[in-house]
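Have a look at the structure below, then the notes.
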């Protein structure tokens with residue numbers, strides 16, 4: 001899967017010999033990346049040829065939700081998004097039983 005995503009991004013070298021995507025991150029949609037990852041076949045499960053209306057409706061709804069959620073989001077949006085604060089775990093207090 002990562003090989004396909006890697007190829008999709010189309011890489012080049014910067015002036016500082018850094019490997020960077022050839023396309024602007026603002027022009028790489030998250031939907032495209034997720035579509036590549038989603039359609040990656042492991043070869044373990046054969047596609048079904050028998051229509052199952054309830055399952056087909058569910059999958060269509062999932063696809064619509066994914067498309068709606070991704071909207072116009074790009075890889076740049078993810079890169080620029082402020083990092084969320086890390087979850088702070090407090091050490092367990094030892095119980096004196």
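If you go through the stretch 1-10 and pick out every residue that is at pLDDT 75 or above and either out of contact with any strand residue (DSSP E or B) (no Cβ under 7 Å at 6 or more places or on another chain) or closer than 16 Å to residue 79 by Cβ (or both), you end up with 0.
Just name the residue that is modelled with the highest pLDDT out of those in the stretch 19-44 that are in a loop (DSSP other than H, G, I, E, B) and exposed (fewer than 12 other Cβ atoms within 10 Å of the Cβ).
Step one: list which residues in the stretch 19-44 are in a loop (DSSP other than H, G, I, E, B), which gives 22-24, 28, 39-44.
Cutting the leftovers down to exposed (fewer than 12 other Cβ atoms within 10 Å of the Cβ) gives us 22, 24, 39, 41-44.
Numbers: 22: 83, 24: 87, 39: 72, 41: 63, 42: 55, 43: 54, 44: 53.
This residue is 24.
The values are calculated or read from the model by the stated rules, or taken from the named source; none is laboratory data. Quick caveat: nothing in here was measured; it's all calculated off a predicted structure. Please note: Cβ atoms are built from the backbone with ideal geometry, for glycine as well, and neighbour counts cover all protein chains shown.
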